[in-house]
1. Residues in segment 91-114 that are surrounded by fewer than 16 Cβ atoms within 10 Å (Cβ to Cβ) and in contact (Cβ under 8 Å) with a residue 60 or more places away in the chain: how many?
2. Name the one entry in Asp241, Asp229 that is without any contact (Cβ under 8 Å) to a residue 12 or more places away in the chain and closer than 27 Å to Asn65 by Cβ.
3. Select from segment 266-283 the residues that are of a type in the set (Gly, Ala, Ser) and at pLDDT 95 or above and write down the one among them that is most open to solvent (accessible area, probe 1.4 Å).
4. Quick one: what pairs do we get from segment 18-30, first residue closer than 11 Å to Pro69 by Cβ, second open to solvent by 30 Å² or more (accessible area, probe 1.4 Å) and among the β-branched types (Val, Ile, Thr), C-beta under 8 Å, 6+ apart or different chains?
5. Here are the criteria: (1) polar (S, T, N, Q); (2) closer than 30 Å to Thr322 by Cβ; (3) more than 8 Å from the ligand (Cβ to nearest atom). Tell me which single one Gln261 does not satisfy.
6. Looking at segment 284-304, which of its residues are open to solvent by less than 30 Å² (accessible area, probe 1.4 Å) and within 8 Å of the ligand (Cβ to nearest atom)?
7. I'm told Glu344 meets every condition in (1) over 21 Å from the mean Cα position of the chain (by Cα); (2) touching a residue at least 40 places away in the same chain (Cβ under 8 Å); (3) open to solvent by 20 Å² or more (accessible area, probe 1.4 Å) except one. Can you identify the failing condition by its number?
8. Any residue in segment 323-337 that is assigned to a loop (DSSP other than H, G, I, E, B) and outside the structural domain of Thr25 (by TED's automatic domain parsing)?
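The values are calculated or read from the model by the stated rules, or taken from the named source; none is laboratory data. Computed from a predicted structure; not experimentally measured. In this analysis, Cβ positions are derived from the backbone assuming ideal geometry, glycine residues included, and neighbour counts consider all displayed protein chains. When the accessible area is computed, the model is the full protein with side chains, heavy atoms only, and any ligands, DNA or RNA have been set aside. Shrake-Rupley method; radii C 1.70, N 1.55, O 1.52, S 1.80 Å.
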Amino acid sequence: MSNRLQQKGTQTLVPGPSDLTSFNTLGLACQADQVVVLQAHEQLPELGRQLLQNTDFFILGAGSNVVLPSQLAPLVVRVALKGIDLIEEHSEHVLVAVAAGENWHDWVASATARGWFGLENLGLIPGTVGAAPVQNIGAYGVELCERLHSVRAWQVAEQKFVTLSREQCGFGYRDSVFKRAERGQWLIVSVQFALPKAWQPVLTYPELKKHAAFAKLAAHEVSAQIVLDAVCDIRRRKLPDPSVLGNAGSFFKNPLVSSAQYQALRARFAELVAYPQADGGVKLAAGWLIEHCGFKGYRAGAVGVHAQQALVLVNYGGAQATELLALAEKIAQTVEQTFGVRLEIEPVVVASG
Ligand code: EPU
């Protein structure tokens with residue numbers, strides 16, 4: 001059964017083969033043996049039993065942060081749950097529950113338009129709401145974990161819905177319990193956001209702060225909508241649109257090094273771009289490291305490094321995961337030989353099973 005039929009039609013939970021090439025933003029060729037589409041909470045007890053029998057199942061949102069193999073044997077669950085619910089509103093914040101299958105940017109845009117502020121720096125990030133906590137999405141000075149109240153999930157082993165508090169999600173930089181070893185334990189069904197009533201724009205990120213939109217405005221004139229528009233403008237200018245050129249945003253994390261390692265590197269590379277962290281460590285701009293190794297705009301067959309942002313790997317069309325991962329390894333090795341820093345891949349690399 002094709003994916004489209006499953007999506008459109010009924011509440012069927014019979015897994016069927018599916019071509020996932022257009023269900024991952026890198027556009028990597030992927031044939032999956034068994035795919036089901038989750039459309040309603042009521043389907044979970046039945047799907048839950050299937051998950052118990054398929055311990056290496058894989059959950060797919062919009063496929064914007066995954067590297068899919070050309071053949072995928074394990075059960076794939078495409079999460080298509082929809083809905084936005086205001087849970088409570090009081091003097092300090094609004095609490096809103098958003099279903100995992102909602103599009104992330106559409107949610108940010110509608111929240112901003114309704115006067116629920118605090119997510120505007122995260123506009124235009126591709127993907128679904130349910131995928132956002134997995135890698136703790138972050139951009140332009142804000143991380144999801146700062147606005148997230150809790151995550152509602154189906155706990156596979158216990159066969160029941162549970163609520164994980166922000167602390168239980170174990171968030172770190174592009175990291176959470178949902179991305180680590182515990183990954184197969186939960187299926188995220190919705191995310192609850194706590195959005196502050198006393199809103200202040202976050203304009204700490206240098207590139208955002210210097211955007212033309214803020215040049216003639218006094219601080220009190222800056223609205224969440226203006227911030228959202230500025231963020232979208234910056235992203236559109238330098239990040240490729242996945243519907244035009246396959247990509248998964250940043251392909252590597254910005255590496256964390258010790259202060260001593262940073263000082264040693266800085267002595268050799270005066271222009272090194274780096275961000276001091278609260279814990280005394282230093283985060284290096286991987287894009288700068290990669291560009292400095294000469295890879296910006298580099299192309300190897302169907303894959304390459306984006307010409308405007310060296311942290312983004314692209315699929316020019318028809319690429320498979322193996323080609324892309326070979327390029328990633330070549331970049332990581334060159335960066336390590338040059339700077340002594342090992343880059344870590346940011347998206348989830350899915351095994352063929
Ligand atoms: N840089 C270069 N060459 C490049 C790219 C960047 O020299 O090719 C330098 C820039 O000049 C700048 C610094 O590196 O001084 C940082 O660049 P940028 O502002 O573009 O941010 P980034 O560190 O490359 C991170 C996130 C992005 C997020 C932006 C804005 C990670 C892995 N990436 O990128 O997130 O949008 O900051 O906050 O943390 C994503 O995760 O998919 C993603 C796009």
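1. Residues flagged as surrounded by fewer than 16 Cβ atoms within 10 Å (Cβ to Cβ) and in contact (Cβ under 8 Å) with a residue 60 or more places away in the chain within segment 91-114 amount to 3.
2. Asp241
3. By that ranking, first place goes to Ala267.
4. Qualifying pairs under 8 Å: Leu28/Thr21; Ala29/Thr21; Cys30/Thr21.
5. Just one mismatch for Gln261, condition (2).
6. Ala285, Ala286, Gly287, Ile290
7. Going through (1) over 21 Å from the mean Cα position of the chain (by Cα); (2) touching a residue at least 40 places away in the same chain (Cβ under 8 Å); (3) open to solvent by 20 Å² or more (accessible area, probe 1.4 Å) one by one, Glu344 breaks only (1).
8. no
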